[in-house]
1. Please work out the Cα center distance from the range 124-172 to the range 12-40, rounded to the nearest Å.
2. For the chain, what's the relative contact order in percent, using C-alpha pairs closer than 8 Å and at least 6 residues apart?
3. Using a Förster radius of 35 Å, what is the FRET efficiency between Ser150 and Glu6 based on their Cβ-Cβ separation? Nearest 0.05, please.
4. Rounded to a whole number, what % of the accessible area of the chain do carbon and sulfur atoms account for, probe 1.4 Å?
5. Between Arg65 and Asp189, what length comes free when the chain is fully extended (0.36 nm per residue of separation minus the Cα-Cα distance, one decimal in nm)?
6. Divide, for the range 1-64, the radius of gyration over alpha carbons by 2.2 N^0.38 Å, where N is the residue count.
7. How much length would be gained if the chain were fully extended between Leu40 and Asn25, taking 0.36 nm per residue of separation minus their Cα-Cα distance, in nm to one decimal?
8. Based on the Cβ-Cβ distance from Glu32 to Ala76, what FRET efficiency comes out when R0 is 22 Å, to the nearest 0.05?
Amino acid sequence: MIVEDEPAVARGVQVALEREGYGVNVIMTGEEAVSRFADLAPDLVLLDIRLPGIDGFEVCRQLRRQTRAPILFLTARTDEVDKVVGLEIGADDYLVKPFSVRELTSRVKALLRRAYGELADVQASDTLRRGDLVIDLERRRVTRAGERISLTTTEFDLLRHLAARPGRVFTRSQLLELVRDYDAAIEQDERTINVHISHIRDKVEPDPAQPRYIRTIRGVGYAFAED
């Protein structure tokens, strides 16, 4: 689902994705995106920030209440604050206009592959159990003490990657490559990992201020607790 109020941009994105074999629905307003989402049930949302009526941030907030489908922001804004806000409210990635067709399709493919593709690193078990935290790899579900925790696609992938290798320290750069595994030439920002980790902690940690599961290794990155 493309949510974009500029017809020329929407049409260009639609044509590019249809050439790749995707089915595309174009929505022009935030209100319509929210109201039609359940009926369209898209596998991925490309969402502009500047929309008439409710903006892309509010659309993202409302969609996150009903779906964990990947959300990719399309925006003309380059302000770092906007990027961080988008990630904090549940977006999986952002793409700053103008962008190339190759860059767009690479990011779409990467998000869809991570959300719905085969988990190549799953070996003997399809479930990770770390204390009272249970990560169901096949169903992409997380529970703590039996209570369901809702994570975005990016959050789930980061948690799974860390929990599968307790004690191993991953740099922010390594984790960024995991969640943005498309064209290496695309500009990357390691600070986005801090935002994602903070969001994961808010959801899975009994006390986010004193993390039990995801440890910060100062000056290096993050590691999942061994105990």
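1. The two parts, judged by their Cα centres, are 31 Å apart.
2. Once divided by the residue count of the chain, the mean separation gives 14 percent.
3. 0.65
4. Accessible surface attributable to carbon and sulfur in the chain totals 45 percent.
5. Separation in residues times 0.36 nm, less the Cα-Cα distance, equals 41.9 nm.
6. Normalised Cα radius of gyration, the range 1-64: 1.04.
7. Extra length available between Leu40 and Asn25 comes to 4.6 nm.
8. Computed FRET efficiency for Glu32 and Ala76: 0.60.
The values are calculated or read from the model by the stated rules, or taken from the named source; none is laboratory data. Quick caveat: nothing in here was measured; it's all calculated off a predicted structure. Neighbour counts are summed over all protein chains in view; Cβ atoms, including those assigned to glycine, are modelled from backbone coordinates with ideal geometry. Heads up: the accessible areas ignore ligands, DNA and RNA and are worked out on the full protein's heavy atoms, side chains in. Shrake-Rupley method; radii C 1.70, N 1.55, O 1.52, S 1.80 Å.
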